[in-house]
Amino acid sequence: MPDELPDEITALIHTVFEAFNSKNFELMKGVYHDDVVIVDGFGSFRWIGPSALNQWWAEAEKWAQEGGVEKEHLANQGILAWGLNGNRAYASISAVLTITLKNGNQIVRPGTLTYSFARAGDRWRAEGHTWGRLS
Amino acid sequence: MSTAKALPDTTGPAATVRQYIESFNRGDPKGMAMMCAAPMSILDGMAPHVWHGATACEDWYRDAMLEGEHLSATDYSVTLGEPKHNNITGDSAYVVLPTTMSFKLHGKGITQTGAYFTVALRKVDDAWRIVSWAWTKGAAAADA
């Protein structure tokens, strides 16, 4: 196994944080394959299939709107573990989600983001992710 | 003031996860599969990292045992801590548990600490069943 994740996968991980923090869904979509599995700590908790990413994003927006969220910021605290095997890869990332409410209060939620990636042709893309809330 | 102790949760989402892990520790893939819905999805640190579909549970177990044979790893045992989250929304649930996994590698004890097991569940016929789990790897070290 190489010493580190391929640059393309590292770039995808960076893009996830950039897309989430700028609420840029088109940028986020570019990270993922069409058919994905997402697990998150709100709503129906799991989304699968070709529309999973859209559904997850829409539910997250609804959750934020209903919860009086002004903005969210997800900070990348570094890769905890990773694996690379042929055309498949795995990475778990430590992250901190800071939610700023419209009333000015902040909620800080540490967690883990666990990703799987698959390479199709020359392109790596995420097959899904799981957010594990730790507080 | 009540002196009664809280009864252990035997039917909630976390109880289903514990039964799944107990089955794994017994080497009982059928018992594990009984705790899963179909289709279910697994995201693990072991290659190929993703299993999805009606037989994902059994497929993952088979691959885990093959990987163990390949690496000369035996005696896997997972211990779950108290849930960081055990949330229910309607017929869906989300459980996050700290975990410790021990096994033997070429006969020597190894313990992986600081891992997390994140699980999504659905209520199927009044019972909580796993629809997805992900393993966030921790740090492995040889036992003292």
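In percent, rounded to a whole number, the relative contact order of chain B is 22, using alpha-carbon pairs under 8 Å and six or more apart. Evaluated with a Cβ-only charge set (Lys, Arg +1; Asp, Glu -1), the protein assembly as shown carries a dipole of roughly 540 debye about its Cα centre, given to the nearest 20. In this structure the amide hydrogen of B:Met35, modeled in the peptide plane, comes within under 5 Å of no amide hydrogen from residues 5 or more places off or on another chain.
Placing +1 on the Cβ of every Lys and Arg and -1 on the Cβ of every Asp and Glu, with nothing else charged, gives chain B a dipole about its Cα centre of roughly 260 debye. Bridging of B:Lys30 to lysines at a Cα separation below 24 Å is possible for B:Lys104, B:Lys123, once same-chain residues fewer than 8 apart are set aside. The local environment of A:Tyr32, defined by Cβ-Cβ distances under 12 Å, has a net charge of -1 under the rule Lys, Arg +1 and Asp, Glu -1.
Peptide B:43-54 shows a mean partner chain C-beta count of 6 within 10 Å per residue C-beta.
Highest GNM mean-square fluctuation, chain A, Cα pairs closer than 10 Å: which of A:Val39, A:Val108, A:Val96? Sorting by GNM fluctuation, first place goes to A:Val108. Given q = 0.10 Å⁻¹, what are the Debye log10 I(q)/I(0) values for the protein assembly as shown, with equal point scatterers placed on the Cα positions and solvent ignored? Those come out to -0.52, one per q. Computed from the alpha carbon positions, the gyration tensor of the range A:7-133 leads to an equivalent ellipsoid with semi-axes of 25, 16, 12 Å, biggest first. The trypsin sites (Lys or Arg not before Pro) found in the range A:57-135 that occupy coil by DSSP, while having at most 10 further C-beta atoms within 10 Å, are A:Lys102.
Electrostatic tally near B:Met32: other residues with Cβ closer than 14 Å to its Cβ, Lys and Arg +1, Asp and Glu -1, net -1. Charged neighbours of A:Lys102, selected by a Cβ distance under 11 Å, balance to 0 (K, R count +1; D, E count -1).
Only the coordinates and a few stated rules stand behind these numbers; no lab work does. These numbers were taken from a predicted model, which means no experiment stands behind them. Note: ideal-geometry Cβ built from the backbone for every residue, glycine included; neighbour counts use all protein chains shown.
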